[in-house]
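> Attaching a single structure in structure tokens format; questions to follow.
Read-outs: derived from the displayed coordinates by stated rules, not from any lab. In this text, all values refer to a predicted model and were calculated from it rather than measured experimentally. Note: ideal-geometry Cβ built from the backbone for every residue, glycine included; neighbour counts use all protein chains shown.
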Amino acid sequence: FDIKDPNNLVWEERYTMIVNAYIKYLEDGNTTGTFKILQAYTANSINDIDKYHDQFVSEGYEGIMIRRYGSVEEKLSRYRPNRNNSLVVHKLFQDEKVVIIGYDSDTDGGIKFMVRDTRNNEFHVKHRESVKTRQEWYKNGDKFINKNLTIRYQKLSDKGIPIIPIGINVC
């Protein structure tokens, strides 16, 4: 989260402004179940980043956001609503080999693989290749049956199925 500020405040000042507004919102009798403001922590090393990442993942969060603190250099301290080097998301992913057992067409007309994992779960996986490549693969989908596919995902669901798996490599 962030706010657009015409005064070009540094992140710490914008964060304080948001926290104070949120506290006032709650003091006025409002409640929220849709968002919460979390405490910001300072990481001084890669070890600190890993420690905070593991802590927050164990608490049910997907990962952490790493933000550059304010800078005396204006272009590094100002809020920009697009992607920039002042904010990165850090999540860990897992790779796993699955077997392709079938295929369907996805919404773009490209191939979407039906796979089986080592836990005997069956689910669809879209490959990270371009739409054009996946469309070509769909025309020859039978050649992928019984091949291994390396998938990447963040975690498993309660049923042991990878959440938002993406195909990485057909072997």
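> Could you run the Karplus curve 6.51 cos²θ - 1.76 cosθ + 1.60 with θ = phi - 60° over region 139-154 and give me ³J(HN,Hα) per residue in whole Hz, x for Gly and Pro?
Going residue by residue, I get 4, 10, x, 4, 5, 8, 4, 6, 8, 7, 10, 7, 10, 10, 8, 8 Hz, with x marking Gly and Pro.
> Shifting gears a bit: Can you tell me the dipole magnitude for the chain around its Cα centre, using point charges on the Cβ only (Lys, Arg +1; Asp, Glu -1), in Debye to the nearest 20?
580 debye
> In what order do LYS24, LYS155 fall by count of nearby beta-carbon atoms within 10 Å, going from fewest to most?
Fewest to most other Cβ atoms nearby, the residues stand as LYS24, LYS155.
> Still on this structure, I have one more. Just check region 94-170 against the gyration tensor rule for me: Cα atoms, a ≥ b ≥ c as the square roots of the eigenvalues, rounded for a/c under 1.5, and otherwise prolate or oblate depending on whether a/b exceeds b/c.
The shape class here is prolate.
> Now a separate question. Which residue, TRP137, THR16, ILE46, has the largest displacement toward the positive end of the dipole of the chain when charges sit on each Cβ (Lys, Arg +1; Asp, Glu -1)?
Looking along the dipole axis, the top candidate is TRP137.
> Taking Rh as the Kirkwood radius computed over C-alpha pairs, what is the Stokes-Einstein D of the chain at 37 °C in a medium of viscosity 0.692 mPa s, expressed in µm² per second?
167 µm²/s
> A further question on this structure: In degrees, nearest 10, range 0 to 90: what is the angle between the Cα axis of helix 11-27 and the longest Cα principal axis of the chain?
80 degrees
> Applying the Karplus parametrisation 6.51 cos²θ - 1.76 cosθ + 1.60 with θ = phi - 60° to the phi angles of region 57-67, what ³J(HN,Hα) value in whole Hz is obtained for each residue in order, glycine and proline being reported as x?
5, 5, 8, x, 7, 7, x, 9, 10, 10, 10
> Now for a separate question. Could you sort 93-106, 48-61 so that the peptide with the highest average Cβ count within 10 Å comes first and the rest follow in order?
93-106, 48-61
> Now for a separate question. Ranking MET114, MET17 by Cβ neighbours within 10 Å, fewest first, what do you get?
In increasing order of surrounding Cβ atoms, one gets MET17, MET114.
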